Each structure stands twice: as structure tokens, then as C-alpha cells.
Amino acid sequence: MSVAAVTLLLLIPFVASSPDLGAIVYVLITLPVVSFILCRIALRKTGRQRLPPLLMLAAFWAGSAMAMMNYSAVRDATRWFLWSRDYKAKVLSQADSGNAELRHTEWDGWGFVGMDTVVYLVFDPGDSLATISNDHSAVRFEGIPCRVPRIRRLESHWYAVMFYTDTSWGHCG
């Protein structure tokens, strides 16, 4: 249990940074450094005393693998936990657009050389996005101007809506 907590605590700074950089730093720096430390501890022990640090190493790698396989969900949940109050205030302070678009702000993004992917935080007062948030097919939904490949519910009325690469709220490609 404590190894899982440490793994998640080590992930928080990387989850809070840019998606590309966070994953790279975690895999190339954090995993090797923590693994080296646990291996050094195990090698200094003898006999059965080596078992606990080796089991911690295995648990750390398993926890890291699970977190990395679900990186997007872990990243969204962590960022929502840390900064939801600020994002909610930003979105709710927007005036109603009057054109049936849902209120939104940029939530996340990544890309390289003009091939950017943007995720928007969307406030849906009617919670109508809940019916499609688990569907993995591309959808077009009233209040969102483009077809989107993923909608993830963060909490009631709040969604992370990922747009296709090279599309944004004002430009559907």
C-alpha cells in the first residue's frame, strides 16, 4: 500500500507538467533513480533481508506501469484534484455565448511542429455529455463545434473533451 502511495506521489509533479515532458522525465529519470536506490538497498542486505526492497521494487514497477498505461486518466484526475477550483472559476466567469455552445476553456494540450492536440474543460449544466462520455467512438455533440474522439467525465457537469489533432474549438479542420 505504501509503495503505491509513494509511486503516486512521485508521479504528481510529472502529471502536473506538460504531458510529453512529464512522461519522459518519469520514465527516463524517476524510474531509474528509484530502481537504483532500491537495488542498492537490496544488495547491502543479506539473505531474506533482501526480499522487502526487492518486493518494493517490483511493486514500484507494477504501480508505475499501471499509472503509465492509464496516464491520461491519471493526469486528468490529478490535475482536477489540484486545480479544479481555479478552472471552474475561469469557466463559470464566462458570459453565455448565446449560440448554444457550452462554456469551456483550454484544459490540456500537446504536440510538435504545428500538430497540436487540445483538450478543453467543458461545463455542461444539463450533464448531457454523461450519456456519451464512455463511448469511444468519435462524436459530434450539440454545444461542441467539432467531432471529438474522447470525452472524459471529471465530475458532475464537468468534462475533459479532447479534439482531434489540428482542430480547436474555433477551427474544426
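So the values come out like this:
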quantity: Selection count, the stretch 125-163, where residues are of a type in the set (A, V, I, L, M), over 16 Å from Ala77 (Cα atoms) and modelled with pLDDT of 85 or more; calculated: 3
quantity: Filter result for Thr165 (closer than 23 Å to Gly22 by Cα, in a loop (DSSP other than H, G, I, E, B) and in contact with a strand residue (DSSP E or B) (Cβ under 6 Å, 6 or more places away or on another chain)); calculated: yes
quantity: Residue check, Val122 at pLDDT below 85 and among the β-branched types (Val, Ile, Thr); calculated: no
quantity: Only listed residue being small (Gly, Ala, Ser), within 29 Å of Leu31 (Cα to Cα) and in a helix (DSSP H, G or I), chosen from Ala67, Ala89, Ala160; calculated: Ala67
quantity: Yes/no for Ala67 being in contact with a Gly (Cβ under 9 Å, 6 or more places away or on another chain), over 17 Å from Trp158 (Cβ atoms) and modelled with pLDDT under 85; calculated: no
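Here is a yes/no grid of residues against (1) of a type in the set (Ser, Thr, Tyr); (2) more than 27 Å from Leu10 (Cβ to Cβ); (3) surrounded by fewer than 17 Cβ atoms within 10 Å (Cβ to Cβ):
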{"site": "Thr30", "(1), (2), (3)": "yes, no, no"}
{"site": "Leu55", "(1), (2), (3)": "no, no, yes"}
{"site": "Phe60", "(1), (2), (3)": "no, no, no"}
{"site": "Arg79", "(1), (2), (3)": "no, no, no"}
{"site": "Lys88", "(1), (2), (3)": "no, yes, no"}
{"site": "Asn99", "(1), (2), (3)": "no, yes, yes"}
{"site": "Val118", "(1), (2), (3)": "no, yes, no"}
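The values are calculated or read from the model by the stated rules, or taken from the named source; none is laboratory data. Note that the coordinates shown come from a computational prediction; the quantities given were computed from them, not determined experimentally. Every residue, glycine among them, receives a Cβ derived from its backbone with ideal geometry; neighbour counts consider all protein chains shown.
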